[in-house]
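Visitor: Encoded as structure tokens, here's the structure I'll be asking about.
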Amino acid sequence: MKYSPESDAVGTLLRHVLELLEGDVAEVYREQGLPEYRPRFSPVVRALVAEGPLSIRELAAAVGVTHSAASQTAAQMARAGLVAHAADPLDSRRRLVSLTPKARALLPRITAEWDATVAAMADLDAELPVPLAELLTAVADALHRRPLRDRITAAQDARDD
């Protein structure tokens, strides 16, 4: 089914593309017998493998999401038995997220899927005028320089003049 939103419905189009990408990756996990595993778990798994146990704040920074998003993902992963929360031995006020033995046992399958997804994205990028990650990085950089709310205000002010 070809999707054709209005040319100015960028938010709708971004959500649709994300749903297509994540839906297909989730289907691969289901086919591999991992129905509880979500695509959004992989960056967390990769960060915990690389860094070891992390606080939610550190995890959010490592994967580039908000504290709330990292907390929600860690909670979902805990329900799936993939991470555990424990007090930091150096500061009992902090709680650390770490991989469970179940998650560590799944690492070869998770890593293989990640590698296949990277290859599939390279294949997709070959069909695009600009690699998707490059374009999205440029968009994020532009919005960090000048947020959309500032651009909206400027457009409203220009219209009101």
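Any read-out appearing in this document is the output of simple, stated calculations on the displayed coordinates, not a laboratory observation. Just so we're clear, the structure is a prediction, and the values are computed from it rather than from any experiment. Glycine also receives a Cβ, built like all others from the backbone with ideal geometry; neighbour counts cover every protein chain displayed.
Visitor: How far apart, in nm, are the 7 Å Cα→Cβ label points at D115 and A87?
Guide: The answer from the label model is 4.1 nm.
Visitor: Can you pull the semi-axes for segment 49-131, root of five times each eigenvalue of the Cα gyration tensor, sorted largest first, whole Å?
Guide: Equivalent ellipsoid semi-axes, largest first: 30, 16, 10 Å.
Visitor: Quick check: pseudo-label points 7 Å beyond the Cα along Cα→Cβ at D150 and E31, how many nm apart are they?
Guide: So the two model labels end up 4.5 nm from each other.
Visitor: Here's something else I'd like to know. Between D24 and D161, how high is the FRET efficiency from 1/(1 + (r/R0)^6) when r is the Cβ-Cβ distance and R₀ = 35 Å? Nearest 0.05.
Guide: Here the calculated transfer efficiency is 0.15.
Visitor: If you put +1 on each Lys and Arg Cβ and -1 on each Asp and Glu Cβ, how big is the dipole of the chain around its Cα centre, in Debye rounded to 20?
Guide: Roughly 860 debye for the chain.
Visitor: Within 10 Å of each residue's Cβ, count the other Cβ atoms and sort S68, S55 from fewest upward. Spell out each step's value before the answer.
Guide: Numbers: S68 10, S55 17.
Result, fewest neighbours first: S68, S55.
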